[in-house]
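The structure under discussion appears below in the form of structure tokens.
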């Protein structure tokens, strides 16, 4: 009986791994776009899908966010796949998170290094995350008018990007909606770009997860274009103008090793099942290939 369970578990694990890899290949695609003779790679995070102009519900969002983009060229516009699926299926669904990557024609690096460029195009004092969260949680900023962004505060300006919290009002499917936006200005070599995360305003606390996501989107964009990724390092990108925010993490409680778990009892059977299952798959594949081989 244990042997059969091991075989079943091995098969399930194999199918799950195959499905996960297939999904990853499908979603984590990278677009190549031409900007004034330069090829820029625009990646998509895992779990995000492109808005499609051919979908009627997607066109509702595209029309609204095109107005917010103004003269900037939209290179890519994405949403979490599960949220986008729900939005498409339900005409009464609330607006969803949108990530848009823009080429901003109105800015010019003028041959500057990125840190100098960011100081010039995103001026002002860095308030830090804690202060910006405090301001956002006081209520939706009164300066946020229809299709015009109002600054809440500059969260950080690093050697990679300047991230500004903003508020904006826009109409989606005829209804006025309030959005919080994190606008991250950066440069891919000499090409100025913006990564913008927008989500319906709730109580301002959403800035916390939006900042984490924005940093990761910036890292993906820069690493896709030849820079070293910092996503998997323990330290955050350097923030030279304000102390980093300190987050207290809950201590992880280790498992009681005196109590054997499922894999302690069945690990050997599962390993044997994987070997046998793999051998069977190879044998079946060879048999099918032999039968499909054309007759000379």
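Read-outs throughout are calculated quantities, based only on the coordinates presented, and are distinct from any laboratory measurement. None of these values were measured; they are calculated from a predicted model. With ideal geometry, Cβ positions are generated from the backbone for all residues, glycine too; neighbour counts draw on all protein chains shown.
Calculate the tail of P(r) for segment 36-224: the fraction of all Cα-Cα distances greater than 22 Å, expressed in %.
45 percent
Rounded to the nearest 0.05, what FRET efficiency do residue 176 and residue 46 give with R0 = 25 Å and r taken as the Cβ-Cβ distance? Could you check?
0.15
If I model a spin label as a point 7 Å beyond the Cα along the Cα-Cβ vector, how far apart are those points for residue 38 and residue 146 in nm?
Between residue 38 and residue 146, the label points sit 3.7 nm apart.
Within segment 104-132, find all residues whose amide N lies under 11 Å from a label point positioned 7 Å from the Cα of residue 71 along Cα-to-beta-carbon.
105-107
At 0.36 nm per residue, and after removing the present C-alpha to C-alpha distance, how many nm does the segment from residue 30 to residue 135 gain when stretched out fully?
Once the chain is fully extended between residue 30 and residue 135, it gains 34.2 nm.
Using the Kirkwood radius built from alpha carbon pairs, what does the Stokes-Einstein equation give as D for segment 120-215 at 37 °C and 0.692 mPa s, in µm² per second?
242 µm²/s
What nm distance separates the two modelled labels at residue 110 and residue 125, each placed 7 Å from Cα along Cα→Cβ?
Inter-label distance under the simple model: 2.5 nm.
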